[in-house]
Amino acid sequence: MHFPSIASTPPPPWPVILGGLHRAARPPETMSEPGTAGTGSAADAAPLSQTRQRICAALDAGDAATARQLLAGAVAEFPAIRFVESWLSFWDASAWPDAWLIAAVRRDPPDEPALDALAERHWRNLFARCQLLTLDRDKAADLAQDAWCRILRARHGLRVDGNFPAYLATIATNLWRDRYRAERRAGGMADARLLSLDAAQRTDDGEGSFLGDLLPDLDALAASEQARLKLDIDQALERLAPVLRDVLVARFLGGESCAEIGRRYGRTEQTVSGWVRQGVQEIRAFFQETGRFTPPNPSP
Amino acid sequence: MKTETTVEKMLRWRLEQAGTEAPPAPRASRLLALARPWWELWPERARQLCDRLGRIEMAYGHAMERGGGSRTGYPVPALLLRGDAEIEASARLLYFTARDGELRLRFVLELPPEAAQPPEATWEVTFVEEGATPRFLAVAALSVEREYRIEASLPPALAAGWAGLKVTDRMPFRFILGPAPAKE
């Protein structure tokens, strides 16, 4: 019996590879060639590469509905593209880049699958940021949701080429700041704590204060100790004046410079630098007071 | 085991922990429902306010005639919501452009003497088009003296229509100013 060598065996035709899914299934590399399309569909009117370009153009313009129509037409004619990696990202909005999602959300009405994907993608980080500002799970969820509402109300102005997560965080921080200012006006917070911030503190050792002599390796902590530490960090942050909390979060988690923070508050870079040092010092003092995470003596 | 831990590192660790404990993201349908403008949430209240706003036009007709030849443009009838009070007023536009979908507008509120008080720092301004239809919401911030400034992106449907407007034109909108009767 003669067995042909593998090297000399021609590859099976595409309809076989695809399980005969479609009568006209062709290799993707031939689909984009002019004249290879069949007749009777939108995809027939133009080579597949042109359809692809039109889909991209529609998504760039935020017209997700048109993009889906074009895609459906292309797939009806060329089912093989379902399996082509370069086409996979079209199917699932969660695989779209932010720019496409934002463009689709900017439209009237906004594209819901795109909004779902955008909210899902950035929710976790936004919530975490809100949690550190509010120190309350429910308030953090409300704040994050309100930030989204604010963004949706002004969604026509969203920039597709901007840093969307940073923008989200800024909106949430601004909302939180407005709220604590309103609370302060209503007498809910001690003005003295805020007034004292005008004096820059220069008595400690700066932004990067080590807690190394106080805290063990955070990742090496047992679960119960991690839970305790979370509470302690929250307590330490809660003891800070809201301005200091905001400044520490903006500086260390938002990556803003003291000058940038200062512009927002109408204060000098030096003043903000003093606030950062004061915040660090107060957190450090809190952990020194509790002494809970003072590491044990080294083992013999 | 012990490492040198900075406050930054500790905060980042806490942030990461908070992220892992985040509740599920709200669905788009919920976010969109929450973000609906006040006139969609309370259509009856919106209709009442727009009706009243429409009637102001008559009372300010004379002022509008005077305003037509001025450098600053026509006054825009405005209804101020201050607490429970509804105050009829007008806004004199000082500057208006709506290029590339970006609205830039400055105005001064002209209030009846009995309503004069220190100016509010911000107003939420609802643009009500001819036909008493609220179309657009933006925040106006006090800049100098009694002058308010709006910088906002326009919905595409308005951007095209307003692009050619000049400050000296009679504006196709009126204002409702105030904290919108929304849940926020």
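A short reminder: the numbers here are calculations on the coordinates, not readings from a lab. Owing to the predicted nature of the structure, the values given are computational and were not obtained by experimental measurement. Positions of Cβ are backbone-derived with ideal geometry, glycine not excepted, and every protein chain shown enters the neighbour counts.
With unit charges on the beta carbons (Lys and Arg positive, Asp and Glu negative) and the dipole taken about the Cα centre of the stretch B:43-179, which residue among B:L142, B:L93, B:T126 sits farthest to the positive side?
B:L93
Count, for each residue of A:109-118, the Cβ atoms from other chains sitting within 10 Å of its Cβ, then give me the mean as a whole number.
Partner-chain Cβ atoms within 10 Å, mean over residues of A:109-118: 3.
Which of B:L93, B:L165, B:L81 moves the most in a Gaussian network model of chain B with Cα springs under 10 Å?
Sorting by GNM fluctuation, first place goes to B:L165.
For peptide A:121-128, compute the average count of partner chain beta-carbon atoms within 10 Å of each residue's beta-carbon.
5
How charged is the neighbourhood of A:A61? Take every other residue with its Cβ under 12 Å from the Cβ of A:A61, and add Lys/Arg as +1 and Asp/Glu as -1. Walk me through the intermediate numbers first.
Working: positive: A:R54, A:R106, A:R107; negative: A:D60, A:D63, A:D111.
Overall, the nearby charge balance is 0.
Rounded if a/c is under 1.5, else prolate if a/b is larger than b/c, else oblate: which is the stretch B:6-165, with a ≥ b ≥ c the root eigenvalues of its Cα gyration tensor?
Details: a/c = 2.07, a/b = 1.88, b/c = 1.10.
Judged from the Cα gyration tensor, the stretch B:6-165 comes out prolate (a/c at least 1.5, a/b above b/c).
Roughly what would the spin-label model give for B:R104 and B:K166, points 7 Å off Cα along C-beta, in nm?
Computed distance between label sites B:R104 and B:K166 equals 1.7 nm.
Report ³J(HN,Hα) in whole Hz for each residue of the stretch B:38-53, in order, from the Karplus equation J = 6.51 cos²θ - 1.76 cosθ + 1.60 where θ = phi - 60°; Gly and Pro get x.
Once rounded to whole Hz, the list reads 4, 6, 7, 6, 10, x, 5, 4, 4, 4, 4, 5, 5, 4, 5, 4.
Dipole size in debye (nearest 20) for chain B around its Cα centre, Lys and Arg Cβ +1, Asp and Glu Cβ -1?
The dipole magnitude comes to about 360 debye.
With a cut-off of at most 16 other beta carbons within 10 Å, and DSSP calling the residue loop, which trypsin sites (Lys or Arg not before Pro) in the stretch B:99-184 qualify? Please list them.
Sites meeting the loop and neighbour criteria: B:R146, B:K166, B:R170, B:K183.
On C-alpha positions alone, give me the angle between the axis of helix B:7-20 and the longest principal axis of chain B, in degrees, nearest 10.
Between helix and principal axis, roughly 80 degrees.
Report, as an integer, the average count of C-beta atoms from other chains found within 10 Å of each Cβ along A:253-260.
1
Taking 0.36 nm per residue of separation and subtracting the Cα-Cα distance, what length does fully extending A:A223 through A:A76 add? Intermediate values should be presented prior to the final figure.
Working: separation 147, 0.36 × 147 = 52.92 nm, distance 5.27 nm.
Contour length minus Cα-Cα distance gives 47.6 nm.
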